[in-house]
Amino acid sequence: MPAAGAAPARPGRASLRSSGVEPVARLLACGLVVAGDAIGVALAAPFASGDLRAARWRAWRERSTQRLAEVLGALKGAFVKAAQFAAHRHDVLPDSAARALARLRDEVPPLAFDRVREALEGELGAPLLELFAEFDPAPLGAASVAQVHAARLPGGEPVAVKVQYPWLARALPADLAIVRALLALAAKLGRLRAVDRARVFDEFASGLREELDFEREAAAAREIGRNLADDAQVVVPRVVESHSSRRVLTMSRVPAVRLSDAPGLARLGVAPRAILEIVARAYAKQIFVDGLFHADPHPANLLVLDEPGASERPRLLFVDFGLSRRLDPTLRREMRLGIHALVKRDPGEFLAGMDRLGMIAPGAHAAVRAAVERMFGRIGAEGGALGIAGSHLLSLKDEAKELLWSTPGLQLPNDLLLFAKTLSYVFALGRELDPDADLMRLALPYLMTFLAERDP
C-alpha cells in the first residue's frame, strides 16, 4: 500500500480546471482537430464516387464522436454526465449520436491514485493508514463523478470506498456554464431538436448537483435498503458512517458476481430465471410501491452474492445509488392516469395528462395527437397495455424512441425519461439472461397495486 502522507496539492492545475480554462482549451483543441479532419474529407470528395464520399463522411462522424467522447471522459464530472444525460434524451438527439455518447457509461478513465488519496484524506481528516488497514490503489471502477476502491477497515471488514474527483464541486459553476454554451451552440448548428433547452438544462444541472452529494446517496441507499428489507433475496450494502462524508462514501463489500458474468453465474450454479424473478420483484416494488428507485441497473451495479447455497437460493446485490430517483407525487399520479388511459385505449385522456405535465409545446397538439394515436394502435395490436409480453416491450421502446425524435413539440420531463430508461434496461437485461422470461408477468401484481391506488 502507498505511504500514508498526502500527495502535494496542485494549485495551478486545480485553478485551471475549476476556472473552466482547461475544459475550454481541451474542447477547442478537439474542435480544431475535427474541423481539420472535415476539411481533408471535403477536399478529397471531388475525386471519389458518391458511395465512397458517403462512407468517408460516416467514418469522419465516427472519429469525431470518439474524439469528443475521449475529451469528455478525461474532463469527467459535468461533461461525462452531459453525455450520459443526452444519451437517453431521444427527444433531443438522434439515435446514432445517443448511442455514441452512451459509451461513456462504462468507459471513463480512472484518476491517478495520488490525487484520489489526497482527496480522501482531506475529506476524512486523517492519513490513509489510520483510516484503513488496506486500500487497493487500483480502482474497482471509474465513473463520471467518482471512482471506487476496495479497502479494509482497521477491524478487517471489507469495504468499497467511493471517492469524488477532487475538483468537481469547485468547478461545477464553470462546467455548467460551458455545458450550457455547448447546448446553445449545438442548437444553432441544427444538431439538437427544437425543445425547451432551458428546462432540459435545469433538469440536468439539478440532477448533477444531487449526484455530487454523497450524503444524499447514502440516505437513498439506506431508504431503499429499508424498503426492500422484507425480501430476503435482496441485499443493499451497509453505509459505514465513520468513513463517509459529502464527497466520500464507504459501504460494506461482499464477494459477488456481475449479472453479465455468465461463467461466474454458471460456477455458482445460479439459473438466470431465478435472478430475473428477483430483479423484477425488486424493481416493481421500488417503482410501483415505494416511489424511490435505483435508476442505474447496468451489469456493474447488479450482482449475485458469491456464497454457499447460491444455487438453491441466490441473493441479488444492489450497488451504486448515486442515480436514484423519487418520483414526484404529481408525476406518479399522472403516470397512473396515463396507464389507465392506455388500458382504456383513450388517447384523449392520455393527451390531457401530457398537457398537465407541460409535455406538448404550443402549436404541436395536432402532430402529437397523431403520433399518440399511432402508438395506441400499435399497443392495441399487441393485446393492450396489460397484455404485452415483456419480450415485445423492447421493440415498442424502439418505436417510442423514434416517435420522440420524429414528432416536433414533445417535451418530456427528465424523471419520466429516467423511469422509462430504467425499465428499458431491466427488460433488456431480461432478454439477455433469459429470452423466454416474461418480466411483465412477474411485475404485474405490483403494477396492479399501483393502478389501484387512490389520490389523497
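The values are calculated or read from the model by the stated rules, or taken from the named source; none is laboratory data. These figures come from a predicted structure and were not determined experimentally. In this analysis, Cβ positions are derived from the backbone assuming ideal geometry, glycine residues included, and neighbour counts consider all displayed protein chains.
Here is how the numbers come out for the structure above:
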read-out	value
Verdict on ALA274 being under 21 Å from ASP438 (Cβ atoms), small (Gly, Ala, Ser) and surrounded by 16 or more Cβ atoms within 10 Å (Cβ to Cβ)	yes
When residues of the range 356-378 are limited to those that are under 27 Å from the mean Cα position of the chain (by Cα) and surrounded by fewer than 19 Cβ atoms within 10 Å (Cβ to Cβ), the one nearest to GLY409 (Cα to Cα)	ALA361
One residue from ALA83, ALA112, ALA102, ALA74 being at pLDDT below 80 and surrounded by fewer than 17 Cβ atoms within 10 Å (Cβ to Cβ)	ALA102
Residue check, GLU382 charged (D, E, K, R), surrounded by 14 or more Cβ atoms within 10 Å (Cβ to Cβ) and either modelled with pLDDT of 80 or more or touching a strand residue (DSSP E or B) at 6+ places or on another chain (Cβ under 9 Å) (or both)	no
So LEU131, is it in contact (Cβ under 8 Å) with a residue 60 or more places away in the chain and within 27 Å of ALA205 (Cα to Cα)	no
Residue in the range 220-228 that is in a strand (DSSP E or B), in contact with a helix residue (DSSP H, G or I) (Cβ under 6 Å, 6 or more places away or on another chain) and over 29 Å from LEU410 (Cα atoms) present	no
The range 115-136, residues that are more than 14 Å from LEU153 (Cα to Cα) and of a type outside the set (D, E, K, R)	VAL116, ALA119, LEU120, GLY122, GLY125
Filter result for the condition that a residue is surrounded by fewer than 19 Cβ atoms within 10 Å (Cβ to Cβ) and under 30 Å from ARG431 (Cα atoms), over ASP230, ASP202	ASP230
Residue within the range 245-266 that is under 27 Å from LEU208 (Cβ atoms), in contact (Cβ under 8 Å) with a residue 40 or more places away in the chain and in contact with a His (Cβ under 8 Å, 6 or more places away or on another chain) present	yes
Enumeration of residues in the range 412-456 that are buried (at least 17 other Cβ atoms within 10 Å of the Cβ) and assigned to a loop (DSSP other than H, G, I, E, B)	LEU412, PRO413, ASP434, ALA437, ASP438
Qualifying residue in the range 274-288 (condition: among the charged types (D, E, K, R), under 21 Å from ARG216 (Cβ atoms) and touching a residue at least 40 places away in the same chain (Cβ under 8 Å))	no
Only one of LEU292, LEU331, LEU303 that is closer than 21 Å to LEU265 by Cα and either at pLDDT 90 or above or surrounded by fewer than 20 Cβ atoms within 10 Å (Cβ to Cβ) (or both)	LEU303
Residue within the range 177-186 that is of a type in the set (Lys, Arg), in contact (Cβ under 8 Å) with a residue 12 or more places away in the chain, surrounded by 15 or more Cβ atoms within 10 Å (Cβ to Cβ) and part of a strand (DSSP E or B) present	no
Residue, modelled with the highest pLDDT, within the range 253-271, restricted to residues that are of a type outside the set (A, V, I, L, M) and surrounded by 15 or more Cβ atoms within 10 Å (Cβ to Cβ)	ARG253
From the options ALA14, ALA7, residue that is in a helix (DSSP H, G or I), at pLDDT below 75, buried (at least 16 other Cβ atoms within 10 Å of the Cβ) and of a type in the set (Gly, Ala, Ser)	ALA14
